[in-house]
Amino acid sequence: MSFEVKEVGSRGDMRQFIGLPLSLYTDDPRYVPPLLAERKEFLSDRNPAFDFTHVRYLLARDDAGLVLGRTTAHVNSRHNEFAGEQTGFFGFFECVDDFDVARLLMVEVERWLAEQGMDTVRGPFNFSTNHECGFLTSGFDTPPAVMMPHTKPYYPGLFDRLGYRAAKELVAYDYTYTGKIPEHLVRFGNRVQERSPARIRTIDMSRFEQDVTEVFSVYNRAWSENWGFVPMTAEQFAFSARSLKRIVDPEMALIAEIDGEPVGFFLALPDINVLLKHMNGRLFPFGFLRFLLGRRRIKSVRVITLGVVKEHRNKGIDSLLACRAFQNGARRGYKRAEFSWILEDNVLLRRGLDRMGAVPYKTYRIYEKSL
């Protein structure tokens, strides 16, 4: 059987690109399909990421026209300017268990990125560390949390054969609330509160756009030293915030302020994947109703981020945010949390999670290769 790889060139091609996982994972009970409408919006020209990201969408088909794989090749000029690199990326990779299909897809990715002057290819990123990234390497027996990938177990083997090496390992931690906030966290939080001028408040949904602006002022400063970080534009940040507004629980979105100035931020999202799993990627005709009625039954969250601007670190503000999050989460009835993702070499954070009783239960791998 012969295969060919071609660039997406029509709306029909894009529908096949977006829809491939629905057929590829049909026999995987752990897979959670994203909302098709959300994927279309994210991949449309309304996404401000395309102001600085040049993307090619690729499909692999057999000689009968059946789609067997997909991926993107993309160059993020902001990444290369910020990191001082000439790195290109691949993302949205999905493929049948066939080395030749994977090879043809990645040969085309590598060829095009080399033409763009890149010396390294890295991925998968959809399209950056701010969204889904990595191939799952352990934890296949549990479903993914919201905005985390669930990928085929044979992908790492394919990329090993293709000559890629591990660039980073990412870890997800699982935590079950026992009915009591960890004592060491409470003690330290109380001491900090007695002497700290910082105050913690929840995000105000009645002034959502204004609070998003305040959080944006924290985001690029607080996470600028993280591996793979790329500063977001105000437009990009607002675009992402609007998509999260539909699912955010304001009690789990916290802002730390000193004299009215935002200095830290915490965000945990209700794990809506427990609802999306049964919607097959569609809100209509019944998905929207299932989503509305089911939200109250969600008992788990994904802790996405906790950050403090550099000039106010080591003052216990992160502990204040964590304590308030525990208190609010318990009051809201959440029983479980996933902390993801954590860099494998972030020893300090991982040590803190271990002490809290969280357990590493999933790992993801970022691959790279010299061109």
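In this calculation the C-beta distance from residue 22 to residue 140 is compared with R0 = 25 Å, giving a FRET efficiency of 0.85. Sorted largest first, the spans of the alpha carbon positions of segment 3-171 along the three principal axes are 42, 38, 35 Å. Placing +1 on the Cβ of every Lys and Arg and -1 on the Cβ of every Asp and Glu, with no other charges, gives the chain a dipole of roughly 1560 debye about its Cα centre. As a rough footprinting exposure proxy, the listed residues 341, 227 were ranked by other beta carbons within 10 Å of their own, and the order from fewest upward is 227, 341.
Among the lysines of the chain, pairs that are 8 or more positions apart or on different chains and have alpha carbons within less than 22 Å of each other number 19. Sorting the segments 351-364, 310-323, 194-207, 84-97 by their residues' average number of neighbouring beta-carbon atoms within 10 angstrom, most packed first, yields 84-97, 310-323, 351-364, 194-207.
For the chain, take the alpha-carbon Rg, divide it by the Kirkwood Rh, and send me Rg/Rh.
With Rg and the Kirkwood Rh in hand, the quotient comes to 0.97.
Farthest toward the positive end of the dipole of segment 178-334, out of 276, 319, 262, is the Cα of 276, where the dipole comes from beta carbon charges about the Cα centre. For the residues 167, 268, 256, a GNM of the chain with alpha-carbon springs under 10 Å puts the largest fluctuation on 167.
Here, each number is a calculation from the coordinates, and none is a lab measurement. All values reported here derive from a predicted model rather than from experimental measurement. Because the Cβ atoms are built from the backbone with ideal geometry, glycine has one as well, and the counts that use them run over all protein chains shown.
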